[in-house]
Structure formats: C-alpha cells, structure tokens
Amino acid sequence: MISKKSVAIAATLGVALSGLALVPASAEPVSNSYAIVGSDTLEDVVSAIVNGTNISGSSVRATTGGNTLGSFDATGTPYITTKPNGIRFGRPNGSGDGVKALSRSMDGAAYTSGTTGGPAAVTITGQVDIARSSSAGTSNAAGELLYIPFGRDAIGYAYGATDGTTAMATNLDSLTLAQLTNLYTCGGSTTATSQTFGGQTVTAYLPQAGSGTRKDFLAKISLSESLVAAAIASGCVKTGQEHDASALATNSIMPMSASRWIAMSNGASFKKQSAVANIAGVATTAGTPVAAVDGTAGALEPNATYYANSTWGRDTYVVVEYARVNSSDAAYDANLANVVDTTNTKSLTYNGASAMANTTLAVKKKFGFLAPSGSAVNIRVAKS
C-alpha cells in the first residue's frame, strides 16, 4: 500500500504541500507516548496533526509532556506495533475496530481485528490510548469511554460518471434517500445479482464491516445490517474499503465522507478517485442535484448548508478512556488529558474561537472539517 503520510513528510522536509510528490513510506513508527487507531475518515487529518504539518500556513504539531504521538492508518500491513517493545497485533480498520481495540487495551481481553482472515487474537493491554471515530456511540452515563467531538463532516456519495454519460442521464448525481434505500436493498430482492436504475445496470458499494461511515450511512437511509445482508450475500450490493474510489466505474455509487473528498481533491490526502468519480449530496427531489462540497478541485470547501443538515451532517470524535481524563480518578493521566483538552489550541479536539493558522482547527479546515455542531458534547459510552 502507498502510505498517506504525505503531510508529515512535507513538514519534516520543510517543503510546501502543493509541490510535494506523494511517496511511499517504509514503515509506521512506534509511539513514544500515546497510540491512536481507528477511523479511515479521520486518519489523514489526525496524522497531519500528530506528525506535524504546515498546510495551514504555520507549523502545527500536537505533542504532550515533551513526547510525540503515533497515529496508525486504518489500512496498510496486516499488523502494527504501537509501542516500544510492544506486541504486534492486527491493524484496526475503521471506527468500530478502533474503539474495540481501545476497549481491549483497557480490559486485557483478547483482541481480534476485523480484517477477514487476519491476525489471530492477542492480548494488547496498554497498546492503544485513543481511537478515531466517525460516528457517535450510544450514550451511557456510566460508560468507560469518552467520545469528544473532533470536527464536523457530512456524508454524501461518490458516483461514477462524466458529463454526457448515461449515468448522468439516469440522475445518478441526484439520488434521494428513498432511491438510495432501494438501491442498497436491490429493490427488495433477496436473490438478484444485479440491478438497474434509469435503464442502466448500477452497482452499489458499501464500506467494509466495522466502518463508521457504513454504520452512519445505513442509519441515515433507514437500513440496518440485517436489511442489507441479503443484497450483499447475492452480490447485488458489493463491499470495499471505505473512501477508496480509485476504481469506481461509471454507473457505480458508494458512501463518501465530504471531508475525505475535499482532502483528496485538494492534495491534502492521498488521492483515491477514479477519472469518472464525482461526489454529490443526497437530494431532496429526484433530478435536483445537491452539492456536498463547493468550489473546484484543488480549492474545494465544505458546503456549510449541507454540513449543517441534521440528517446528512455528522460530528466525528476521538475516544479515550474516561478514567484517564477525569482529574478526580486515580487513573488520571494529565498528559493524555492535554492531548484532548478542548481549550488547548494544539490538541486534537480544539475547536475554539481562534482559527489562526497555528491552531489545530485551522489544520482541520484544510482537510474539509468544520467545527462540530453547537449541540455536540462529550458523550460517555460503554466499552465495545
């Protein structure tokens, strides 16, 4: 796999990101303090913040207690080692897998990554400190995990088409919630291996199991895993790595984070978009396109109205053990608390009034995130 650590490389070499050729990295370093795993949606922006970046026009890097942090991609080699002298374990791929790894790091039970046919279960006590999550957990006042808002994103969908193709004629660029629900259940068939829309064969893709984007997208189109299981089993709905539109063909669709699309299009993240791939927001009326992003490639920005939509906008989170950031608990870790202190302009969770270039909020905006919604608060959640 080609690594997506280009932002960190740019900061290290002191060159402008816009002029940087994306190159492979040989390995992910172990962390000399805290290790972060989980969501694909957040991996590039979090890596930029902890590895160091000047994408906002000023040098920004989150450190704590004089130590650097380590953020591990959702995809790559099957195994990772997060701490010096630590055990090698299966790479957590996605929000659900990242939160599960954090939970097992806390309680000492054996961890198995969600990768199909992947590494065997191992004990990973103390190997994960923070999880990236693109979806919120279920509130539980006594929960051991604390979800802290990271930034505002939105869910749209990528579709394969170019102007003048049959895909555009079928309004694949302006699908409604009802049409998406129908496509992701193969029109209600439990045996069909393909489906048509607007007279064309259309292929619908879902992200891999354990993806926060998959979980959110299905919930937003009023579906559950059980309701799409038959369409997946028949091959009518296919699965693939979330946010990877590098092979998206004409007349195909897949859920897509607007922030990830912006970062890929603007050169902040590794580009995983085919030549025919586009992004759209979910339409209210069939045939009336809705923009998930504004601007043109290289200068895309969030469509603030779409991000603010109560259905399609979403807040994303970083997740920590509650006891370790609760100053009244014996397990309190001041350095970890500093990393997720919402008043610290260099923390992962800073979304305050200052959007100056030397803040992490300014970096998040370059990756397509806005400040969390006004209703976003810390949420306690039970371990996964």
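The values are calculated or read from the model by the stated rules, or taken from the named source; none is laboratory data. This structure is a prediction, so every number in the text was calculated from the model and none was measured. Cβ atoms come from the backbone with ideal geometry, glycine included; neighbour counts cover every protein chain shown. In case anyone asks, the SASA skips ligands and DNA or RNA and just uses the protein heavy atoms, side chains included. Shrake-Rupley method; radii C 1.70, N 1.55, O 1.52, S 1.80 Å.
Looking at this model, which pairs from Lys272/Lys383; Lys271/Lys364; Lys83/Lys366; Lys272/Lys364; Lys83/Lys346 are more than 27 angstrom apart at the alpha-carbon?
Pairs exceeding 27 Å: Lys272/Lys383; Lys83/Lys366.
For segment 280-384, just run the numbers: alpha carbon Rg, then divide by 2.2 N^0.38 Å, N being how many residues it has.
Taking the Cα Rg and dividing by 2.2 N^0.38 Å, one obtains 1.33.
Using only the alpha carbons, work out the radius of gyration and Dmax of segment 144-294 in angstrom.
In order Rg, Dmax, the Cα atoms of segment 144-294 give 15.0, 53 Å.
Ordered by packing density, taken as the mean number of other Cβ atoms within 10 Å over each peptide's residues, highest first, how do 61-72, 292-303, 253-264 rank?
253-264, 61-72, 292-303
Which of the listed residues, Gly70, Asn378, Thr213, is farthest toward the dipole's positive end in the chain, when Lys, Arg count +1 and Asp, Glu count -1 at the beta-carbon?
Gly70
Probe 1.4 Å, all protein chains in place: accessible area of Glu321 in Å², nearest 10?
Spelled out: Glu321, probe radius 1.4 Å, area about 50 Å².
Which order do peptides 95-104, 276-285, 359-368 fall in by mean Cβ count within 10 Å, highest first?
Ranked by mean Cβ neighbours within 10 Å, highest first: 95-104, 359-368, 276-285.
What are the ³J(HN,Hα) values, in whole Hz, obtained from phi via the Karplus relation 6.51 cos²θ - 1.76 cosθ + 1.60 with θ = phi - 60°, for each residue of segment 348-360 in sequence order, with x given for Gly and Pro?
Result, ordered by residue: 5, 9, 5, 9, x, 5, 7, 10, 4, 4, 8, 9, 5 Hz.
Running a GNM on the chain with Cα contacts under 10 Å, which residue among Val37, Val202, Val318 ends up with the highest mean-square fluctuation?
The residue that fluctuates most here is Val202.
If you average the sequence gap of Cα pairs under 8 Å that are 6 or more apart and divide by the length of the chain, what percent do you get for the contact order?
Relative contact order comes out at 22 percent.
To test your reading of the geometry: what angle, between 0 and 90 degrees and rounded to tens, separates the Cα axis of helix 95-107 from the longest principal axis of the chain?
30 degrees
Segment 40-84: Rg/Rh from Cα coordinates, Kirkwood Rh?
Taking Rh as the inverse mean 1/r over Cα pairs, Rg/Rh reads 1.01.
Which value, in Å², gives the accessible area per residue of the chain when a 1.4 Å probe is used on the protein heavy atoms?
Here the residues of the chain average 38 Å² of exposed surface.
May I ask for the Rg/Rh ratio of the chain, computed from Cα atoms with Rh as the Kirkwood radius, given to two decimals?
Rg/Rh for the chain comes to 0.96.
Would you report the distance distribution of C-alpha pairs in segment 74-119 as whole percents per 5 angstrom bin, up to the bin with the largest distance?
5, 24, 32, 29, 9, 1
Going from the alpha-carbon gyration tensor of segment 158-224, what semi-axes, largest first and in whole Å, does one get by taking the root of 5 times each eigenvalue?
21, 15, 11
What angle do you read, to the nearest 10 degrees and between 0 and 90, between the alpha-carbon axis of helix 225-234 and the longest principal axis of the chain?
Helix 225-234 and the main axis of the chain meet at about 60 degrees.
How large, in percent, is the carbon and sulfur part of the accessible surface of the chain at a probe radius of 1.4 Å?
C and S atoms contribute 52 percent here.
For the chain, what is the calculated [θ] at 222 nm in deg cm²/dmol (nearest 500), taking -39500 (n - 2.57) for each run of four or more DSSP H residues and dividing by its residue count?
Result for the chain: -6500 deg cm²/dmol, rounded to the nearest 500.
Taking the 0 to 90 degree range and rounding to the nearest ten, how far is the long axis of helix 40-51 tilted relative to the main principal axis of the chain, both from C-alpha atoms?
For helix 40-51, the angle is close to 30 degrees.
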